[in-house]
Amino acid sequence: MWVFIILLIILSVILGSITIALHQLLQKIDGKLSKKTPRKNLREHQRLITLINNITDAILSTDEHGIINTYNSAALNLIDTNSGINGEHISQVLELKTIDKKPIDIFKELTKSSTIRQRDDIIMMIDDDDYVRLEVTLAPVQGGDKITPDGYVLILRDVTKTKSLEEERDEFISIVSHELRTPIAIAEGSLSNAKLLVERNITSKIPEAIDESHKQILFLARMVNDLSTLSRAERGIADETEIIDVAELAAQINSEYSPQAAEKNLAFNLDIGGRLGSVQASRLYLEEILQNFITNAIRYTQEGSVTLSIKKNRSGEIIFKIIDTGIGISKADLNKIFDKFYRAEDYRTRETKGTGLGLYVSAKLAKKLGCKIEVESRLNHGSTFGFRLKEFKK
C-alpha cells in the first residue's frame, strides 16, 4: 500500500512537470504563429490537446490572473459539466474546501508560492453529504526573465478510495492491536504463574495455569489464521478457480466436523439433494466460508444438531445452508454480525472463544465468489447461514 502511495506521489510530480512543459509549449506555439503555416500550427495544437486529454488527472492551466486558458476532459468530468470553461476564473469554476469543510480560494493557493506544492487535504462537495477527496498539485509557470509567473497549472487527482483504504487500514491495525493485547496478557500471566508454582514446588495448580495459556494461544492461532485468509483474499492470491464436485465436498465436510459435533453431544446431519453436480470456485474460499459457519454453529449450539444442507433449485443454483439449533441472534445484532471483531453482548457468546473475525472474513470471501450471505435467525431458536453458487455446466 505504501509503495503504491509513493508511486502516486511521484506520478503527480511527473505529471506536474509534463503539464508545465506543455503549458510553456503552448505559449511558444502561440508566439510563433507568424512563423508557421496555420495548418502546421493547428496540427501541433491538436496533438498537444490530445496528449493532455489522455491524462486521467484533471488538469487546468490559467494566466497570471487566474483565467482558465487550457483544460482537459478529466477536468470537465471532475467539475461535472459539458460546457467549455475557457475564460472562466478558476476560483469560480472550482469551489473547493479543506477536509474540515472550510472554503478555500484555489487561486490564492496558486499564488502563494513560486515552487510546485502538493496538498491532499482538499475536497470537492458532490452534495450535502458526499464529497470527493482530492490530491492537488499547484505549480506556477515561469516565463522568460519575469519574476512573477506567467500563469499557473493545477492538477487534481481523485484519491477518495486511496484515503478510505488508508483510514480503514489504520482503524484495522488499531483494533487488531487492541484485540491481541488481552489474550497475550492472559497467556503471559498464566505462564508466569506456572513458572512461579514450579519454583515453589506447588505442582497441583500447574496444569490449570498451562491449560489457560494453551487456550489463549489457540485463540491467537485462530485469529492469525483468519487474518492470513483475509490478507490472501485482499491480495487475490487464492482467486484461481477449479471445478469442485459438491457431493464430494459434502462428504469431506461431514468426515471433518462430525467428530467435533460429537464431542459436544451434537448430531451433525447431512441433507443433500441428488445430482448436485459441480461448482467453479476457489476451493480455499468456499471451504473457509463453510468452515466458519459450521464452527460457529457447533460453538454456539449447546444441544440439538447442526445440519449441512445442499440443494439445487430449478434455476441451476446450488444452495448451501448451515442450520443449527443454537442460541440464535437477536434483531439488534443481525445488522452487525459481519463487522470486524463484533461480538454480541449475550453472555453465552462471551463465554466462547471466537475471534470476532470469522463472519467478517466470510463476507469478504463470499464477495470474491460472487455471492451474498443470507442469514435467518431468532434469539433462542437457532440460526441458518447460507449462500448460492451457480452450477458449473460444461
Note: region 39-117 at 4 °C, 1.567 mPa s; Kirkwood Rh on alpha carbon pairs; Stokes-Einstein D in µm²/s works out to 93
All alpha-carbon distances of region 203-313, grouped into 10 Å bins from 0, give the whole-percent distribution 12, 32, 34, 16, 5, 1, 0
For region 157-306, dividing by residue count, accessible area per residue (probe 1.4 Å) in Å² works out to 57
Whole-percent carbon and sulfur contribution to the accessible surface of region 160-302 (1.4 Å, no ligands, DNA or RNA) stands at 53
With every protein chain kept in place and a 1.4 Å probe, region 51-142 has an accessible area per residue in Å² of 52
Given pairs Lys336/Lys367; Lys311/Lys393; Lys368/Lys394 and cut-off 20 Å on Cα-Cα distance, the over-length ones are Lys368/Lys394
Sorted by accessible surface (1.4 Å probe, heavy atoms of the protein chains only), largest first, Met124, Met223 come out as Met124, Met223
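The values are calculated or read from the model by the stated rules, or taken from the named source; none is laboratory data. Keep in mind it's a predicted model, so treat the numbers as computed, not measured. Heavy atoms of the whole protein, side chains included, go into the accessibility calculation; ligands, DNA and RNA do not. Shrake-Rupley method; radii C 1.70, N 1.55, O 1.52, S 1.80 Å.
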